[in-house]
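Input: a single structure, listed below in structure tokens.
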Amino acid sequence: MSNPNDAAIARAQLVLRSLKRHRLVFVQIGALFEPLREDILDRLGGFRTSVLQRDTWLESANEHVPIVVDDLDVCVNSDLNVLGEVRAVISSLLDEERTVCLVSRTPRISYKPVPGSSVLEDAALTCLPVLSKDEASPNAGVEPKEPGWPLPTVTFGSPLTVQTIADAISEIGSGLVAALDHAMFEVDPKNVTAGLQFLGPREIEGLRGAGLISIDDDFKPKLTQHLSSKLLKDALAEYISRAVESSDQLPVVVSGLWRIERTIRGAVRTQALAQYSSDWRASSVGSLKEEVLRRARLEGHVAAKSIQDIRDPLEWLNLGELLDIVRGDKFKGLGVEQAIWRKLQEQLVPIRNRLAHVRMLKSDDHEIVQTWVAVVRDQIRF
């Protein structure tokens, strides 16, 4: 490689080879690849078009060149039907033996699901590699680097900054941001590589497509060579601190947790009344009765003298405390297997805590909650 043009050519050829094999390809070209983006797209030699022009794809495209949809990410925040309409047009194109390249700044995990078969699931994934050390070396037409300069970088000699990485993070979607936050700060803050092992396949795919991680020789995720853990952590913290828009999942997660918790509380109350009669309030919360009384007084029950003055002390327990009581000797799981309660607690308490502290939801939080809504509905009666 001798210059940035050669780097763009190599990546365009990678996409073209994939198109030749699969005919429908998804490629993520976001902020970290911005210096190469236009050159790569131009060198695909295809018919460049927009999602907004989807009605004209069949008539306008030359059958001998690929159709390059260079703004698929507009579907992320658009009405659900847009991606469904795109799928229908692409299906017709594929029936006519055309090749289609879907270009997005956003990873596949951030798109809303479409009923039926999805064009994103059908597309073959092509991940663009960040610059190799040779491509970004001084003899490749790039300014010599200072000692300790991070290599490689897709910015051709421009230093990577917190803002540069924050721009890349802003494109990957709030669910993937939450997963990255968990991997970087919660699993093992001193060992980022260990945290990355907890990412799911689609999460790894999205971060790899963004140029933030790569796959090592053992097929495990690691930060790309040019990116230090400190820089990524600083950028992640900066981005999250400024994020104020709620996730599209929020209503589903809130309503699901509401139903689950109130169903469990109602079942505990019913069994407690049957077992302990008028003493059910103190008996149901056990050693937590003084703490429950304290919380209730602070929140408005100022005149309460004892736990008996609280309408329902179970409502002053957090989800973890409630589940500990359910799984204890008094209520014996409400007739539900302990393994089920253990799994519910492992999966729902972290989501409940994210919600309580107004933290970003993960991509699959709504699916997990909806699954447990169905389980609780089927298993618990009161």
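The values are calculated or read from the model by the stated rules, or taken from the named source; none is laboratory data. Since the structure is predicted, the reported quantities are computational estimates derived from the model, not experimental observations. Ideal geometry is used to build each Cβ from the backbone, glycine not excepted, and the neighbour counts take in all protein chains shown. Accessible surface areas use protein heavy atoms only, side chains included; no ligands, DNA or RNA. Shrake-Rupley method; radii C 1.70, N 1.55, O 1.52, S 1.80 Å.
Consider region 201-221 and keep the residues that are without any contact (Cβ under 8 Å) to a residue 24 or more places away in the chain and under 18 Å from the mean Cα position of the chain (by Cα). The one that is least open to solvent (accessible area, probe 1.4 Å) is 213. No other residue among 281, 294, 342, 327 is free of Cβ contacts under 8 Å to residues at least 24 places away in the same chain and farther than 30 Å from residue 364 by Cα apart from 294. Looking across 266, 256, one residue alone is in contact with a His (Cβ under 8 Å, 6 or more places away or on another chain) and either of a type in the set (Phe, Trp, Tyr) or in a helix (DSSP H, G or I) (or both). It is 256. The residue list 292, 326, 285 contains one member that is within 13 Å of residue 266 (Cα to Cα) and β-branched (Val, Ile, Thr), which is 326.
Considering region 235-253, and only residues there that are out of contact with any Leu (no Cβ under 9 Å at 6 or more places or on another chain) and assigned to a loop (DSSP other than H, G, I, E, B), the residue that is least open to solvent (accessible area, probe 1.4 Å) turns out to be 243. Within region 344-363, the set of residues being part of a loop (DSSP other than H, G, I, E, B), surrounded by fewer than 18 Cβ atoms within 10 Å (Cβ to Cβ) and at negative phi comprises 357, 359. Checked against the criterion of being open to solvent by 10 Å² or more (accessible area, probe 1.4 Å), in a helix (DSSP H, G or I) and of a type in the set (Lys, Arg), region 222-234 has at least one qualifying residue.
Here is a check on your reading of the model: is residue 310 open to solvent by less than 50 Å² (accessible area, probe 1.4 Å), in contact with a helix residue (DSSP H, G or I) (Cβ under 7 Å, 6 or more places away or on another chain) and over 30 Å from residue 113 (Cβ atoms)? In short, yes. Within region 181-212, the residues that satisfy the criterion of being part of a helix (DSSP H, G or I), touching a Gly at 6+ places or on another chain (Cβ under 9 Å) and among the aliphatic types (A, V, I, L, M) are 183, 184, 187.
Look at region 219-240 and say how many of its residues are under 20 Å from residue 175 (Cβ atoms) and among the hydroxyl-bearing types (Ser, Thr, Tyr). Result for region 219-240: 1. Would region 317-330 turn up any residue that is open to solvent by 40 Å² or more (accessible area, probe 1.4 Å) and among the hydrophobic types (A, V, I, L, M, F, W, C)? Within region 317-330 (the criterion being open to solvent by 40 Å² or more (accessible area, probe 1.4 Å) and among the hydrophobic types (A, V, I, L, M, F, W, C)), the answer is no, since none of the residues qualifies.
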